[in-house]
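The values are calculated or read from the model by the stated rules, or taken from the named source; none is laboratory data. A quick note: this is a predicted structure, and the numbers were derived from the prediction, not measured. Glycine also receives a Cβ, built like all others from the backbone with ideal geometry; neighbour counts cover every protein chain displayed. All accessible areas refer to the heavy atoms of the entire protein, side chains included, with ligands and DNA or RNA removed. Shrake-Rupley method; radii C 1.70, N 1.55, O 1.52, S 1.80 Å.
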Amino acid sequence: MILANAAARKFEKETEQENLKSLDNLISSVEVYNADGSARSREDSPLIRALNGEILLDFEEIVVFPSTGKKRYRNVTSAPINDNNNKITGAVAVVRDITDRKTIEAELDMYRKNLERLVIARTADLEDAIKSLRESEEHYLTLFNSIDEGFCTIEVIFDSDNNPIDYQFLEINPAFTKQTGLEDAGGKLMRDLAPDHEEHWFEIYGKIALTGKPMRFVNPAKELNRWYDVYAFKIGSPESRQVAILFKDITKFKKLEKELREYQDTLEEEVKKRTEALTESNKELEQFAYITSHDLREPLRMITSFLQLLERRYKDQLDQDANEFIGFAADGAKRLDAMTNDLLQYSKISNKKRELIPVNFEHVLEHALTNLKVQIEENNAIITHDPLPTIIGDEQLKIQLFQNIIGNAIKYRSQENPKIHISATKEKNQYLFSIEDNGIGMSHEHLEKIFTIFQRLHTHEEYEGTGIGLAIAHKIVHQQGGQIWVESVLGKGSTFYFTIRIQAEN
């Protein structure tokens, strides 16, 4: 994790865990589910998918904090971070807590369901009431006056061509004025009350009056400055032009929807700006690593030289402890020099402009084995391979990739002579490579750690090295939009897998 704002730090605090700097720690710190409630795998994490080259907009997820059981809804937008060569070097995510919005949406959904049930119930009641009006006028008036929704009956007025031109309010309930803001509307024409009332209202009620088909719709009434959820149906005889209307003012919910849309419209621009900022920050960090590792080598060489000079000139004049201390210091300086050199090579992977050409992986393997010739002969290593493809890419980086993984397999050998096999399988728009060995293997909890820079599973006394070789391999693979992982059983060897796209990215 390179950069996180205050809100992200607050999330880390809620997990009640420390050291969430790595992606896997971040993902495993909480339980995550898809929007439909199904469990989500690590591979479907927005950041993992962004590292795979996907751009996700408005990806919804549900997060549960194991320590408290607290649930939050989040909206995630993620995208890969590309360097100047458009290689994926990381990912950025903008996470927005939408728990409040979800709560409102749930309330809105509940309201809508209740309203639908209410409309059905009210409609049934009202139709029964209208049908038996002459027999039970008192019952009808009680129902008419008690509901919270606005209710009215109107008579649609048509011109000589049977086009609706106005409507007159016949009856209105007490909630009508609260829902519309129209005072004393009974007996009046709509165009007198609201001269600029939209035509679609007249057209809809005219259609219901002529066809007898009820309609449910949501429409704005701009002159009233409101939105309505409406259910309207014809009443009276077939020749009647009367319509009953049950409606609810939903202006508050429409304003909320508008605010949410406006916020989402700004989200893409926010992601773009933050991606650019993080890309620049990543570039500066890589430049810093390059300069630091490059400038450290000169004083380290001086320290090593003077320690060696001290050892040669005064070895016979110092006691055993002093000579041992000098040896420790010289060994430490050499290892630090090796680490800075490896760090320099690591930073060069991104800093150096590469020429993309057709790369024959048969030749890549041949060059890598030539570079490892001494190591192969000393360990009696047997290396075999299946036919390997030709893919657009950078040849030197691919040689380094093969050399680091094969060299690693030879170094961590078992009691048997090392046996290493390389193969490649075409999968849609990429090749899947595998490098299998019969070495010492590793336990499951170490499988992700080995690709971290300077991460070692063994002491320097057991195995030499700086712990950066596999980190370099990881970076090379990701630079061309691929993935790298390892499967291993302790004591039975390991198989490294990595993918390389057939069409290299610019």
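Results, tabulated for the structure shown:
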read-out	value
Residue check, Q264 at pLDDT below 85, surrounded by 13 or more Cβ atoms within 10 Å (Cβ to Cβ) and either in contact with a Leu (Cβ under 6 Å, 6 or more places away or on another chain) or not β-branched (V, I, T) (or both)	yes
Residue in the range 195-232 that is nearest to the chain's Cα centre (by Cα), counting only those that are of a type in the set (V, I, T) and open to solvent by 50 Å² or more (accessible area, probe 1.4 Å)	V218
Residues of the range 412-444 that turn out to be open to solvent by 20 Å² or more (accessible area, probe 1.4 Å), farther than 28 Å from G53 by Cβ and out of contact with any helix residue (DSSP H, G or I) (no Cβ under 8 Å at 6 or more places or on another chain), as a count	9
Filter result (open to solvent by less than 50 Å² (accessible area, probe 1.4 Å) and farther than 14 Å from E149 by Cβ) within the range 234-253	K234, I235, S240, V243, T251, F253
Filter result (part of a strand (DSSP E or B) and small (G, A, S)) within the range 431-449	S434
Count of residues meeting criterion [open to solvent by less than 40 Å² (accessible area, probe 1.4 Å) and more than 20 Å from H200 (Cα to Cα)] in the range 166-175	2
Test: residue in the range 67-76 that is surrounded by fewer than 13 Cβ atoms within 10 Å (Cβ to Cβ) and modelled with pLDDT of 90 or more	no
Criterion (closer than 18 Å to L369 by Cβ and either modelled with pLDDT under 85 or among the hydrophobic types (A, V, I, L, M, F, W, C) (or both)) met by exactly one of A471, A504, A409	A409
Conditions (1) within 30 Å of Y231 (Cβ to Cβ); (2) open to solvent by less than 30 Å² (accessible area, probe 1.4 Å); (3) free of Cβ contacts under 8 Å to residues at least 60 places away in the same chain: number failed by A121	(2)
Residue count for the range 411-436, restricted to those that are touching a Gly at 6+ places or on another chain (Cβ under 8 Å) and not basic (K, R)	5
Filter result (of a type in the set (K, R) and assigned to a helix (DSSP H, G or I)) within the range 409-428	K411
Conditions (1) under 44 Å from the mean Cα position of the chain (by Cα); (2) modelled with pLDDT of 70 or more; number of the one not met by K348	(2)
The one condition in (1) within 21 Å of T99 (Cα to Cα); (2) modelled with pLDDT of 90 or more; (3) surrounded by 17 or more Cβ atoms within 10 Å (Cβ to Cβ) that S38 fails to fulfil	(3)
Filter pass, I406 being out of contact with any His (no Cβ under 8 Å at 6 or more places or on another chain), outside any loop (DSSP other than H, G, I, E, B), β-branched (V, I, T) and surrounded by 13 or more Cβ atoms within 10 Å (Cβ to Cβ)	yes
Residue that is open to solvent by less than 40 Å² (accessible area, probe 1.4 Å), in contact with a Phe, Trp or Tyr (Cβ under 6 Å, 6 or more places away or on another chain) and not aromatic (F, W, Y), where the choices are I62, I88	I62
Of the criteria (1) under 28 Å from K255 (Cβ atoms); (2) at pLDDT 90 or above; (3) of a type in the set (V, I, T), which one I165 fails	(1)
Cβ pairs under 8 Å, 6+ apart, first in the range 360-375 and open to solvent by less than 90 Å² (accessible area, probe 1.4 Å), second assigned to a helix (DSSP H, G or I) and small (G, A, S)	L372/G407; Q375/G407
